[in-house]
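See structure below.
The values are calculated or read from the model by the stated rules, or taken from the named source; none is laboratory data. All of these numbers come straight from a predicted model, not from anything done at the bench. Cβ placement follows ideal geometry from the backbone for every residue including glycine, while neighbour counts extend to all protein chains displayed.
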Amino acid sequence: MGVSNRITNALGLGVATTFVLTLAATLSHLLHTFVLIPLNAEFLRIIGFIFIIAVVVQFTELVMRRHSPLLHQVLGLYLPLITTNCAVLAVALLATQHKNTLFSAMWQGFGAAVGFTLVLVLFAALRERLDRADIPKPFQGAAIAFITAGIFSLAFMGFAGVT
Amino acid sequence: MSSSAIHALPGGLALSAPMDAHIDATIHELDLQPSYYLPLINYSRTVLHPEVKSGDCVLGGEQLAPGVVAPTSGTLTEIRQHPWPHPSHTQVPTLVLESDGRDEFQQFTVIDHTQVGVEEILNRLENSAIHGLGGAAFNTANKIRRAYEHKNLTLIINAVECEPGINCDDALMQQHPSEVLQACNAIRQWLRLPSAVLAIENDKQTAITALRDDQTPDLTSIKITELPTIYPSGAESPLVQRLTGIKLQPGERATDAGVLCLNVATVLSIHDALMGQAAVDRIVSISTQSLQHSMNLRVRFGTPLKAVIEFAREHNTAIEAAWRSNTQTIRIGGPLSGFAMDMLNAPVLASTNALIVGKEHPLNEATACIRCSECATVCPVNLLPQELYAAAASEQLDTAARYSLDACLLCGCCDLVCPASIPLTPWFRFAKDATRQKQQSDAAAEVARLLSEKHSNRVQRRAIEKEQQEAARRAAAAQRQNSAQDIKAALTRVKNKRPGSGS
Amino acid sequence: MKPTSIYQAWQYPRRSTASIMMQVMLSLVPGTVLMMHWLGPGVLINWVVLIAASVLCEATVMRLRQRSIKTALNDGSIVLAAWLLALCIPPSLPISQLIVGAVTLSVLGKHVYGGLGQNPFNPAMVGYAVLLISFPKTMTLWFDPNLAVSWTTPAVWADWWNLKWFANPSVAPWDSITQATPLDRLREFRNQSASVSINSLHTSPWRELSVAWLMGGVYLLARGVIRWHIPVAVLTAAIIALTVQSYLSPNTTLPVWSAMLYGGMVFGAFYVATDPVTAPSSVRARLLYGASIGLLSVILRTHSNYPEGFAFAVLLMNASVPLLDRWFVLDKRS
Amino acid sequence: MALLWLLIFAGLCYFIGTGLARLGNTKNHEDILVDRINDCLPQTQCAQCDYPGCRPYAEAIAKGEAGINQCPPGGDNTIKALSELLGVEVIALNAAHGETKSAQVALIDEAACIGCTLCIPPCPVDAIVGSGKQMHTVIAEDCTGCELCIAPCPVDCIELVPAKPAATAWQHPAPRQLTQHQS
């Protein structure tokens, strides 16, 4: 919501999340198959994955600070927030759930992240058009953004039940 | 240059004057006016500095300021603020010339273009202040000089006159077809070109037949090309695209692409200038609001609009009736690209090609835009007026620039077809002016930034230099300090060496 | 300073927004009458209540925003949107849910974004989606058209009115109230993976309805009110998707042509997807927009548990219009 | 088998890393940000933002020490440009720094000027011309109206006059009253 007022910012966050998610999904799969299962410490799964995601996000932040300070300045707080993004953790968990190989775990991470980026960019384009609309006073700003997000998710309800 | 193949014009509207319109093609002459007003400002609104002072008496055709020529002989009474024909309704410094009735002209020698070089011809055009009479009033000499450098130049004589209500070129071609052809041929020769194209719309059949009848064998190099009647094919970039297929980028001039586009009236005034007559007048077409009746009048530059209107009212009853039903305002230019003008003592200039007399239609109430893209289909330069409107209305100038607002010709086609009757062209005019204003202030900020950078660099350098001088002086002082001690030490040594003799 | 007036020396044949909406409504009449004839007075009640409620909503919103009510109403956009929604909902929907639909349509779908021309989502589809998700049972309660009771007997009107007001289907005399559109029945068959045969589905009115919408659509194309890009793209994409699908799982899909004619595909292609406000502006973008709607609606129809995927497909693609515009519009110029 | 996947994955990681590296260009990266911020500022160098000039203020914003609403000459469009660039909320101009005035230029009352050259050094854009004991004057085109020369003048002969608009200053008005829907 905060980042998606400009398409360039939304794309920036999307790319960062894709990078984080692909890396995290594969690393968590590796951790799961080579560490947790032999030690049958399955229950450590969630903590382990969060740790991995945090490491990867830190690494991305370093890279981004070094290479595109403007994007870093704009994303600001939202970059570390990826660690708390439940979708990232969910995908990491799913990647290890379905008994799929390392390669499919990576692809699942990548696919989920690309989906996330697409939705983010679509939403940013939508909000950029709303800037030009003559929205009544009480609905301006975040209100209209939340309503649009609501209708957008309404559209996704159509996929309910897709096997 | 395939003059025969006419490329399609994207969009555009088939607009022609009402079928039963009575266009009086005879060119009436306006008699000498007591006083003429010559604004000291050129088409890009930069102020001109006069070469004469009030009180001088001048002959007709004499240059008063760069690009301004005296329309008749007389004395310059004063330079004062006076209205000028521009939508800004502002006043500009204007030279007032009282005519002495003798109407004497300065004699110029006849230039034979076969012997004389191009530079000589261009100087003559410069001195006799020839401006484009198509509506944009560029300085013709500069335009030709820029085009002359091109190797394979294409010459297009623009007699398209696509906007209904403007028929001064039509009348000119009907009355003087042979002079037009000879003028085109003369220019073609001294530009050393094999052929030239005279583009004309096919709804001006009388003019076309007149031209074709007078086309003697040696004038066949002027190819008369008929264009289907689509507005705005008369504007420079669509015309160039239609005849040569070259798509001009926004902001790129036709002369940069090797195409010289001259209005037919300008061609005639160039020819007169070479023959020694000063080009001090132009044909103005005056029509009623319903475009049913219109007449044409040869008017000198600087004549107040009031005089032109009075003459037209006397000679045309329809215009008289239209004037009485009017709110004392007329419209300068065509129905789509013109603007309303209420200061009637503003003078006629090179850019005033038509006047419309009659009740002004107020803009009707605009409803919301439903993005139906009717305007996008008629836009002749393939823009998206609904996106430009959304950007302009919410003052996002960068978005408007991204949708290439600078390519917009302000032709007005989109206004006509918009189902919500939104005033698109006035919004685009506002956005274009706001963008130009922003660019100017950005440029000024850039200059200020460079100056401040130079200033701070100099201050730093000065500080460093002072620092170094300080250090040098301290070192020297320290240096001197040591030498003082050496002297004292030497003195003590000398004193010790001679204990008995001196103490 | 007086604004520079645009000079209308002669009235250029200009079509006003109101006349565009009027012509679309005109082309809707045959289909609507046919639907009312087949499905009984319920459709008429839906139609009247929806249009009245949404016009009322628009009037109140305009009063609240101190804007002139007359100009907003006489461009007919809200009436058209309500009309479109009325054609997508089952005749047995109770009045209370109709009011919810009307309010969502006019407030949430259009005026929260600032009125005509600024809403990114198609108001009719927003209304339909909200109704479908909040009242799934009644929204999928299409009763069997073959049992439609004639209009003339007054007793039927009383039953309809009870049904409408008190929303308990038991009052209604006919029995097989739980029949659904051929598509629903198709899903039940597929679940039991029995072989599908045409005559076992009660199909008579739906084929004529789709033909009526087709005629209306062609009329609009002829009058130039809508452009061909979107409907053609939607229909071709849907046909391609259906043929591909019929190869993949032959026994569970209807033959392509009958699948096209049932459900809202034709109606949606000509009336819903071509709403200029929520469609992209450039030609290529429209083609992609239409094609993806066709594709998505076929995918949603077969896999998701809602009978008609078209509404969701349109909403999804409406959300992507701003992005499509940015990509396709900019390359149109260079 | 897993080893093979590991190698592929390492390659992918390296590729993404270098990709990101190529994205950043050679110039010192902090400078790009400061330049971009500096471009939004009106360059009046008036120090009303408590920084000695526009560039120092830009550097402060880049480091996060200064808010984006401390520039009165820039006013709302500078704040809007900065909020768009940095993706932060648009906040109103901080009145403590002064309020936005229309374009103005310094003018020296030449009769009163005693030629003390005290006003020349503080002028950030060297727009004041003059030498000791000679009459000074302001170059109108270069002056940004920053008022820094008014205080040091001992005889108070410098005053601010509205800048004379160029002949091309006139603009077509926005036909807003006709499209009241689009407020």
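Can you find, within the range A:115-139, the residue that is modelled with the highest pLDDT among those that are touching a Leu at 6+ places or on another chain (Cβ under 9 Å) and not hydrophobic (A, V, I, L, M, F, W, C)?
A:117
On the given criteria, is residue A:102 more than 23 Å from residue C:316 (Cα to Cα), crowded, with 20+ Cβ neighbours inside 10 Å and facing another protein chain (nearest Cβ under 7 Å)? Step through it out loud before you land on a result.
Details: more than 23 Å from residue C:316 (Cα to Cα): yes; crowded, with 20+ Cβ neighbours inside 10 Å: yes; facing another protein chain (nearest Cβ under 7 Å): yes.
Judged against the criteria, residue A:102 is a match.
Only one of these is in a helix (DSSP H, G or I) and touching a strand residue (DSSP E or B) at 6+ places or on another chain (Cβ under 9 Å): B:388, B:450, B:416. Name it. Reasoning before the result, please.
Numbers: B:388 fails: touching a strand residue (DSSP E or B) at 6+ places or on another chain (Cβ under 9 Å); B:450 fails: touching a strand residue (DSSP E or B) at 6+ places or on another chain (Cβ under 9 Å).
Residue meeting the stated conditions: B:416.
Name the residue, out of B:290, B:337, B:285, that is within 14 Å of another protein chain (Cβ to nearest Cβ) and crowded, with 24+ Cβ neighbours inside 10 Å. Talk me through it step by step, then tell me what you get.
Details: B:290 fails: crowded, with 24+ Cβ neighbours inside 10 Å; B:337 fails: crowded, with 24+ Cβ neighbours inside 10 Å.
So the residue among B:290, B:337, B:285 that is within 14 Å of another protein chain (Cβ to nearest Cβ) and crowded, with 24+ Cβ neighbours inside 10 Å is B:285.
Give the residue that is farthest from the chain's Cα centre (by Cα), with candidates limited to residues of the range A:112-141 that are more than 9 Å from chain C (Cβ to nearest Cβ) and in a loop (DSSP other than H, G, I, E, B).
Taking the candidates together, the pick is A:140.
From the list B:351, B:373, pick out the single residue that is touching a residue at least 12 places away in the same chain (Cβ under 8 Å), more than 7 Å from chain C (Cβ to nearest Cβ) and surrounded by fewer than 24 Cβ atoms within 10 Å (Cβ to Cβ). Give the derivation first.
Values: B:373 fails: more than 7 Å from chain C (Cβ to nearest Cβ).
From the options B:351, B:373, the qualifying one is B:351.
Is at least one residue of the range B:439-452 β-branched (Val, Ile, Thr), over 26 Å from residue D:102 (Cα atoms) and either more than 24 Å from the chain's Cα centre (by Cα) or facing another protein chain (nearest Cβ under 9 Å) (or both)? Walk me through how you get there before you give the answer.
First, the residues of the range B:439-452 that are β-branched (Val, Ile, Thr): B:447.
Next, only the ones that are over 26 Å from residue D:102 (Cα atoms) stay: none.
Looking for residues that are β-branched (Val, Ile, Thr), over 26 Å from residue D:102 (Cα atoms) and either more than 24 Å from the chain's Cα centre (by Cα) or facing another protein chain (nearest Cβ under 9 Å) (or both), one finds none in the range B:439-452, hence no.
From the list A:66, A:6, which residue is under 20 Å from residue A:127 (Cβ atoms) and facing chain D (nearest Cβ under 10 Å)? Let's see the steps before the verdict.
Details: A:66 fails: under 20 Å from residue A:127 (Cβ atoms).
Criteria check complete, one pass: A:6.
Taking the range C:74-83, which residues are under 13 Å from residue C:277 (Cβ atoms) and modelled with pLDDT of 85 or more?
If the condition is that a residue be under 13 Å from residue C:277 (Cβ atoms) and modelled with pLDDT of 85 or more, then C:77, C:78, C:80, C:81 are the ones that fit.
Confirm whether residue B:26 is away from chain D (no Cβ under 14 Å), among the β-branched types (Val, Ile, Thr) and in contact with a Leu (Cβ under 8 Å, 6 or more places away or on another chain). Break it down into steps so the answer makes sense when it comes.
On the way: away from chain D (no Cβ under 14 Å): yes; among the β-branched types (Val, Ile, Thr): yes; in contact with a Leu (Cβ under 8 Å, 6 or more places away or on another chain): no.
No, not satisfied.
Identify all residues within the range B:41-60 that are of a type outside the set (Lys, Arg), outside any strand (DSSP E or B) and closer than 15 Å to residue B:139 by Cβ; write none if there are none. Before you say what the answer is, go through the steps one by one.
First, the residues of the range B:41-60 that are of a type outside the set (Lys, Arg): B:41-44, B:46-52, B:54-60.
Of the ones still in play, those that are also outside any strand (DSSP E or B) are B:42-44, B:46, B:48-52, B:54-56, B:59.
Correct list: B:42, B:43, B:44, B:46, B:48.
Within the range D:113-133, restricting attention to residues that are hydrophobic (A, V, I, L, M, F, W, C) and under 27 Å from the mean Cα position of the chain (by Cα), which residue is farthest from the other protein chains (Cβ to nearest Cβ)?
Step by step, filter the range D:113-133, then rank; the result is D:118.
So how many residues does the range D:107-119 have that are within 16 Å of residue D:151 (Cβ to Cβ) and either among the hydroxyl-bearing types (Ser, Thr, Tyr) or touching a Gly at 6+ places or on another chain (Cβ under 7 Å) (or both)?
Total meeting the criteria: 1.
Check residue A:86 against each of (1) surrounded by 14 or more Cβ atoms within 10 Å (Cβ to Cβ); (2) assigned by TED's automatic domain parsing to the domain that holds residue A:23; (3) not aliphatic (A, V, I, L, M) and name the one condition it does not meet.
(1)
Kindly indicate which of C:292, C:304, C:297, C:249 is within 13 Å of chain A (Cβ to nearest Cβ), surrounded by fewer than 21 Cβ atoms within 10 Å (Cβ to Cβ) and touching a residue at least 24 places away in the same chain (Cβ under 8 Å). Working first, answer last.
Details: C:304 fails: touching a residue at least 24 places away in the same chain (Cβ under 8 Å); C:297 fails: surrounded by fewer than 21 Cβ atoms within 10 Å (Cβ to Cβ); C:249 fails: touching a residue at least 24 places away in the same chain (Cβ under 8 Å).
Exactly one residue qualifies, and that residue is C:292.
Given the criteria out of contact with any strand residue (DSSP E or B) (no Cβ under 8 Å at 6 or more places or on another chain) and over 30 Å from residue A:35 (Cβ atoms), does residue A:140 qualify? If you could, list the steps in order and put the result at the bottom.
Working: out of contact with any strand residue (DSSP E or B) (no Cβ under 8 Å at 6 or more places or on another chain): yes; over 30 Å from residue A:35 (Cβ atoms): yes.
The answer is yes for residue A:140.
Among the residues of the range A:146-155, are any away from chain C (no Cβ under 14 Å), crowded, with 18+ Cβ neighbours inside 10 Å and on the phi < 0 side of the Ramachandran plot? Please lay out each step first, then the result.
Step one: filter the range A:146-155 for residues away from chain C (no Cβ under 14 Å), giving none.
So far as the range A:146-155 goes, no, none of its residues is away from chain C (no Cβ under 14 Å), crowded, with 18+ Cβ neighbours inside 10 Å and on the phi < 0 side of the Ramachandran plot.
Condition check ((1) in a helix (DSSP H, G or I); (2) surrounded by 20 or more Cβ atoms within 10 Å (Cβ to Cβ)) across all residues:
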| site | (1), (2) |
| --- | --- |
| A:34 | yes, no |
| A:39 | no, no |
| A:50 | yes, no |
| A:66 | yes, no |
| A:76 | yes, no |
| A:82 | yes, yes |
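I need the full set of residues from the range B:44-65 which are within 11 Å of chain D (Cβ to nearest Cβ) and surrounded by 13 or more Cβ atoms within 10 Å (Cβ to Cβ), in order please.
Within the range B:44-65, the subset within 11 Å of chain D (Cβ to nearest Cβ) is B:44-48.
Answer for the range B:44-65, where residues must be within 11 Å of chain D (Cβ to nearest Cβ) and surrounded by 13 or more Cβ atoms within 10 Å (Cβ to Cβ): B:45, B:47, B:48.
Can you tell me which of (1) of a type outside the set (A, V, I, L, M); (2) touching a Phe, Trp or Tyr at 6+ places or on another chain (Cβ under 7 Å); (3) away from chain C (no Cβ under 11 Å) is the one residue A:109 doesn't meet?
With respect to (1) of a type outside the set (A, V, I, L, M); (2) touching a Phe, Trp or Tyr at 6+ places or on another chain (Cβ under 7 Å); (3) away from chain C (no Cβ under 11 Å), residue A:109 is out only on (2).
Failed condition for residue D:102, given (1) within 30 Å of residue D:59 (Cβ to Cβ); (2) touching a strand residue (DSSP E or B) at 6+ places or on another chain (Cβ under 7 Å); (3) surrounded by 15 or more Cβ atoms within 10 Å (Cβ to Cβ), with all others met?
(3)
Here is a yes/no grid of residues against (1) outside the structural domain of residue B:161 (by TED's automatic domain parsing); (2) within 28 Å of residue C:72 (Cβ to Cβ); (3) not charged (D, E, K, R):
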| site | (1), (2), (3) |
| --- | --- |
| B:336 | yes, no, yes |
| B:344 | yes, no, yes |
| B:355 | yes, no, yes |
| B:385 | yes, yes, yes |
| B:393 | yes, yes, yes |
| B:406 | yes, no, no |
| B:431 | yes, yes, yes |
| B:445 | yes, no, yes |
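Return the residues of the range B:255-279 that are surrounded by 21 or more Cβ atoms within 10 Å (Cβ to Cβ) and farther than 13 Å from residue B:140 by Cα; say none if nothing qualifies.
Passing the criteria: B:259, B:274, B:278.
Quick check, is residue A:36 among the aliphatic types (A, V, I, L, M), without any contact (Cβ under 8 Å) to a residue 40 or more places away in the chain and within 14 Å of another protein chain (Cβ to nearest Cβ)? Reasoning before the result, please.
Working: among the aliphatic types (A, V, I, L, M): yes; without any contact (Cβ under 8 Å) to a residue 40 or more places away in the chain: yes; within 14 Å of another protein chain (Cβ to nearest Cβ): no.
Taking the combined requirement at face value, the residue does not satisfy it.
Is the range B:308-316 home to any residue that is within 14 Å of another protein chain (Cβ to nearest Cβ), buried (at least 21 other Cβ atoms within 10 Å of the Cβ) and more than 20 Å from the chain's Cα centre (by Cα)?
Of all residues in the range B:308-316, those within 14 Å of another protein chain (Cβ to nearest Cβ) come to none.
Scanning the range B:308-316 turns up no residue that is within 14 Å of another protein chain (Cβ to nearest Cβ), buried (at least 21 other Cβ atoms within 10 Å of the Cβ) and more than 20 Å from the chain's Cα centre (by Cα).
Scan the range B:161-192 for residues that are within 14 Å of residue B:206 (Cα to Cα) and part of a loop (DSSP other than H, G, I, E, B) and jot them down.
Matches in the range B:161-192: B:167, B:176.
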